[in-house]
Amino acid sequence: MRRVAANYIFPIDSAPIRNGYIELDEQGTILKIGELTSEMSSTEYYNGILCPGFINSHCHIELSSLQGKFEKGTGMSGFINQINALRESAPKEVRIECIAQQFEKLYNEGVSAMADISNCDESFQIKKESPIYTRTFIEVFGTEPDDVENVITDAKRLLDKAEEIGLDASITPHSPYTMSPELLTAASAQGLSKGYISYHNQESQEEEDMICRHSGALYENYIQRGLSVPPATGKPALLHFIDRISKVHSAPFNENILLIHNCATNQESIDAIKSVATNLFWVTCPLSNIFIHNTLAPLQLFRKNSLKILVGTDSLSSNDILSMVEEIKCIQNHFPEIPLAEILQWCTLNGAEALSIENVLGSFTPGKRPGIVLIDNIDFENMKLTDQSHSKRII
Ligand SMILES: [Zn+2]
């Protein structure tokens, strides 16, 4: 038996405990939690707070070689131009080495599970060998309606490869603006059949302008490149998604649907998707959103609607660092009124539920094996992380 304690522990499924302790068995399974008493000996005491292993709910680990290469604040159309130009700018061995390094860093800093996007197989072996649990989303895009069959065939081939290696994986649509309506439906059908979709939703106002009314920088970019654009719907982009998945099966949708970014999401969109889908997960990637668009998701609107919020780092093409603690600091700085315990739930238990691993990960509940993360340099008076806070896996 091992007992660890700290100034505070955040069990997530119950209130934070001052001078809290956690007892574990050799395998890291939680046996008991409580408040430390003076007669407890053989306790490892840490200065800081302890929380369960993080769930990084959105990442593209295969873009790890792109760190420091992208210009910031370009908006969506500028970002797309850069990714097209730079995606394979480093040789394959370098790309794979960067993936391995980032995976190790994420694990050491406390990430226990990831929802990770793959467009190729370069990360598969590393994911298989890593102690981090990963659910892989084989992401597809393609603007031309004639290409649907080929795109889905290629994606199925990649999915087979992932499953042969032993990864939990499924096909998923990318976004409304990178896909023909037909492909959006076809890819959604694949994802829904496995119970999961991870979809880039309303990332920017440019996306709303393009899908709703055929205007703005993103729309112009597509026209200049001679690409097909979905018909203007006159409605928020999320309603286009609802329209396309409704061709797969009728509501309700009880599958786990992860909506990524949601910076331009409004009440109308929330009401519409909530009326048809029961297991929605709203993933925010704050540092990435600031990097590309200089904006953030309307988290107060999400809280007002009692939405299940999750946190992801996105990729090193749109972030300087893959770090859950840096994402928490960013949220705190922009929304100082949101309690730390709530943000930590977004980073742990909510993500575990989205990946259906909440029986093992996400909280200090006896019987679970969530991993334990130390976050140091805490401002205990205001119960906030400071600029100097770091996270470190201790179990
Ligand atoms: Zn993404």
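Put simply, the amide H of Gly312, placed in the peptide plane, has neighbours under 5 Å in Ser57, His58, Thr284, Cys285, leaving out anything fewer than 5 places away on its chain. Taking 0.36 nm per residue of sequence separation and removing the Cα-Cα distance, the Glu71/Thr43 pair yields an extension gain of 5.3 nm.
Quote the Stokes-Einstein diffusion coefficient, in whole µm² s⁻¹, for the stretch 21-89, based on the Kirkwood radius over alpha carbon pairs, a temperature of 25 °C and a viscosity of 0.890 mPa s. Rounded, D is 144 µm²/s. The count of lysine pairs in the stretch 1-137 that are at least 8 places apart or cross chains, and whose C-alpha atoms lie under 23 Å apart, stands at 7.
Think of the chain as having a plus end and a minus end, set by charges on the Cβ of Lys, Arg, Asp and Glu; of Ile96, Ser42, Tyr196, Ser42 sits farthest toward the positive end of this dipole.
Residue-wise HN-Hα couplings along the stretch 103-117, as the Karplus relation 6.51 cos²θ - 1.76 cosθ + 1.60 with θ = phi - 60° gives them from phi, are 4, 5, 4, 4, 5, 4, 8, x, 6, 9, 8, 9, 9, 10, 8 Hz; Gly and Pro carry x. Once the 1.4 Å probe is applied to the protein heavy atoms, the stretch 54-322 comes out at 37 Å² accessible per residue. Remark on Ser198: its backbone amide H falls under 5 Å from those of Leu258, a criterion applied only to residues 5 or more positions apart or on other chains, H modelled at 1.01 Å from N.
For the stretch 140-154, backbone phi angles converted through the Karplus equation (6.51, -1.76, 1.60; θ = phi - 60°) give residue-by-residue couplings of 10, 8, x, 7, 9, x, 5, 8, 3, 4, 4, 4, 5, 4, 4 Hz, Gly and Pro being listed as x.
A convex hull fitted to the Cα coordinates of the stretch 265-394 yields 128 cubic angstrom per residue.
Volume of the convex hull of the stretch 65-149 (Cα atoms only), normalised per residue: 135 Å³.
Here the scattering of the stretch 54-322 is modelled by Debye summation over its C-alpha atoms, one equal scatterer each and no solvent; at q = 0.07 Å⁻¹ the log10 of I(q)/I(0) is -0.22.
Note on the chain: with neighbouring protein chains present and a 1.4 Å probe, carbon and sulfur make up 47 percent of its accessible heavy-atom surface. Looking at the chain, the DSSP beta bridges with both ends there are about 35 percent antiparallel.
For the chain, the longest principal axis of the Cα atoms and the long axis of helix 181-194 meet at an angle of about 30 degrees. In order along the stretch 8-17, the Karplus-derived 3J(HN,Hα) couplings, from 6.51 cos²θ - 1.76 cosθ + 1.60 at θ = phi - 60°, round to 9, 10, 10, x, 6, 8, 8, 5, x, 10 Hz, and Gly and Pro are given as x. In this label model, Glu149 and Ser246 are separated by 2.9 nm, measuring between points 7 Å along each Cα→Cβ vector.
For the stretch 1-124, taking Cα atoms only, Rg and Dmax work out to 20.5, 63 Å respectively.
Simple point charges give the picture: +1 on the Cβ of Lys and Arg, -1 on the Cβ of Asp and Glu, and for the chain a dipole about the Cα centre of about 460 debye.
Quick one: dipole size for the stretch 164-310, taken about the Cα centre, charges +1 on Lys/Arg Cβ and -1 on Asp/Glu Cβ, in debye to the nearest 20. Please report the intermediate quantities before stating the final value.
On the way: 10 positive and 13 negative charges, 63 e Å.
Using only the charged Cβ atoms, the result is roughly 300 debye.
The values are calculated or read from the model by the stated rules, or taken from the named source; none is laboratory data. The structure displayed is predicted, hence computed values, not measured ones. In this analysis, Cβ positions are derived from the backbone assuming ideal geometry, glycine residues included, and neighbour counts consider all displayed protein chains. All accessible areas refer to the heavy atoms of the entire protein, side chains included, with ligands and DNA or RNA removed. Shrake-Rupley method; radii C 1.70, N 1.55, O 1.52, S 1.80 Å.
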